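The values are calculated or read from the model by the stated rules, or taken from the named source; none is laboratory data. This structure is a prediction, so every number in the text was calculated from the model and none was measured. Here the Cβ positions follow ideal geometry from the backbone for every residue, glycine too, while neighbour counts run over all protein chains shown.
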Amino acid sequence: MASWCKKNFYALGRLKAGEMNKTEAAYKERLLSLLHEGEILWFKFEGVKLRLADNTFYSPDFAVLNKSGEIEMHEVKGARVIFQDDAKVKIKVAAELYPFKFIAAFPIPKKKGGGWEFDEY
């Protein structure tokens, strides 16, 4: 395939590495607020790549350093129904292999009060 074709083909809903979707951008705003309030000390979007097995990696959406000095990995999904199969398996395997708290974050629709709900692994 010609190189000019490759860069135009992405799976639906996928962005280039390093680009945030709307839900991730909203979560970044939440993290900036927590940083300003002193609840977290640092965060980085797509800052960590974890090896789960040969040729199998998991890159959490955000690496977060909380105020107690613990590193957490935050995965942001638009809805619980999106968080299935491959993504859920990877976060569970990563939680077994690495000494970090893994958190899946889901936005609560504004009509239901807004905010975020979380699952911990």
Taking the stretch 87-121 and keeping residues without any contact (Cβ under 8 Å) to a residue 40 or more places away in the chain and small (Gly, Ala, Ser) leaves Ala87, Ala95, Ala104, Gly113, Gly114, Gly115
The condition from (1) farther than 18 Å from Lys67 by Cα; (2) touching a Phe, Trp or Tyr at 6+ places or on another chain (Cβ under 6 Å) that Thr23 misses is numbered (2)
Would it be correct to say that Lys22 is exposed (fewer than 12 other Cβ atoms within 10 Å of the Cβ) and out of contact with any Asp or Glu (no Cβ under 9 Å at 6 or more places or on another chain)?
-> yes
Of the residues in the stretch 103-113, those that are surrounded by fewer than 16 Cβ atoms within 10 Å (Cβ to Cβ) and within 26 Å of Leu65 (Cβ to Cβ) number 1
For strands (runs of 3 or more DSSP E) lying entirely in the stretch 33-102, having 2 or more residues that are among the acidic types (Asp, Glu) and surrounded by 15 or more Cβ atoms within 10 Å (Cβ to Cβ) picks out 71-76
Lys22 passes all but one of the listed conditions (1) at pLDDT 95 or above; (2) within 14 Å of the chain's Cα centre (by Cα); (3) closer than 24 Å to Ala95 by Cα; the exception is number (3)
Hey, does the stretch 58-71 have a residue that's at pLDDT below 95 and of a type in the set (S, T, N, Q)? no
Query raised in the report: Is there a residue in the stretch 30-53 that is more than 16 Å from the chain's Cα centre (by Cα), at pLDDT below 95 and within 28 Å of Glu96 (Cβ to Cβ)?
Result: no
Per the filter on the stretch 53-96, residues acidic (Asp, Glu) and either touching a Ser or Thr at 6+ places or on another chain (Cβ under 8 Å) or within 21 Å of Ile108 (Cβ to Cβ) (or both) are Asp61, Glu72, Glu75
